[in-house]
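The values are calculated or read from the model by the stated rules, or taken from the named source; none is laboratory data. In this text the structure is predicted, and so the values were computed from the model without any measurement. Here Cβ is always computed from backbone atoms with ideal geometry, including for glycine, and neighbour counts include all displayed protein chains.
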Amino acid sequence: MSTRLLNRDTFGDPANTGNLLPEEEANALLTEWVPNERLRLHMKQVAANMKAWALEKEGADELTARKWEQAGLLHDADWEKFPDDHCRVIIEELEKRQVDPDVIRCIASHGPAVFGVEPVSKMDKMIYAIDELSGFIHAAALIRPGLYEGLEVKSVLKRLKTPSFAAQVSREDIRDAVSRIESSLEELIQFIIDHQKNIS
Ligand SMILES: [Fe+2]
């Protein structure tokens, strides 16, 4: 796996705590930076899962849930245009736009093996756990005639054990990420199916 180590461990400015991009600005950034519709959908799915997890599992308040959502929405924003500098570019952009440091750190920790930033908060750990699994589950849905209709946890588990299916998805990352959270792999798969199936 190629690494794009960030070589830093603090992100954003604590003075910006509570600042988020207004929804229109976040969506405009996505439209401008991410022409690829499939990638945009992935980010919207991760955002929906993150927000729902914050509200349903962490009892988060509205602002906190929006932080989780925004981190999910923007975590891959620089992937398409700046693949060699993925993560660094969006992080610096959000620092420039004075976004809440928790959101920026969360984005920086969505791939510890790649970016060298350890997930610390629950938000950090959940983006790491949700990101790859969300993409994997979507790939599993896309090959079914009914897409998400009737998609079961056990069939996702079976595909995870099939190395040739969505081979680019690191099973090791998924295992590592899930080992850091309080939920089981089965429970997380079901949660993701339920919360991303209607996102378009
Ligand atoms: Fe992602």
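Some values worked out for this structure:
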{"item": "Residues satisfying the stated conditions in region 10-33, i.e. in contact with a helix residue (DSSP H, G or I) (Cβ under 8 Å, 6 or more places away or on another chain), among the aliphatic types (A, V, I, L, M) and either closer than 19 Å to ASP84 by Cα or not in a loop (DSSP other than H, G, I, E, B) (or both)", "result": "ALA26, LEU29, LEU30"}
{"item": "Failed item, numbered, when ASN7 is tested on (1) in contact (Cβ under 8 Å) with a residue 24 or more places away in the chain; (2) more than 14 Å from the ligand (Cβ to nearest atom); (3) part of a helix (DSSP H, G or I); (4) not hydrophobic (A, V, I, L, M, F, W, C)", "result": "(3)"}
{"item": "Options SER200, SER134: the member that is surrounded by 13 or more Cβ atoms within 10 Å (Cβ to Cβ), in contact (Cβ under 8 Å) with a residue 60 or more places away in the chain and not aromatic (Phe, Trp, Tyr)", "result": "SER134"}
{"item": "Which listed residue is of a type in the set (S, T, N, Q), out of contact with any Asp or Glu (no Cβ under 9 Å at 6 or more places or on another chain) and not in a loop (DSSP other than H, G, I, E, B), from SER164, SER155", "result": "SER155"}
{"item": "Of all residues making up region 143-168, the number that are within 16 Å of the ligand (Cβ to nearest atom), modelled with pLDDT of 95 or more and not small (Gly, Ala, Ser)", "result": "0"}
{"item": "Filter pass, SER179 being surrounded by 11 or more Cβ atoms within 10 Å (Cβ to Cβ) and of a type in the set (Ser, Thr, Tyr)", "result": "no"}
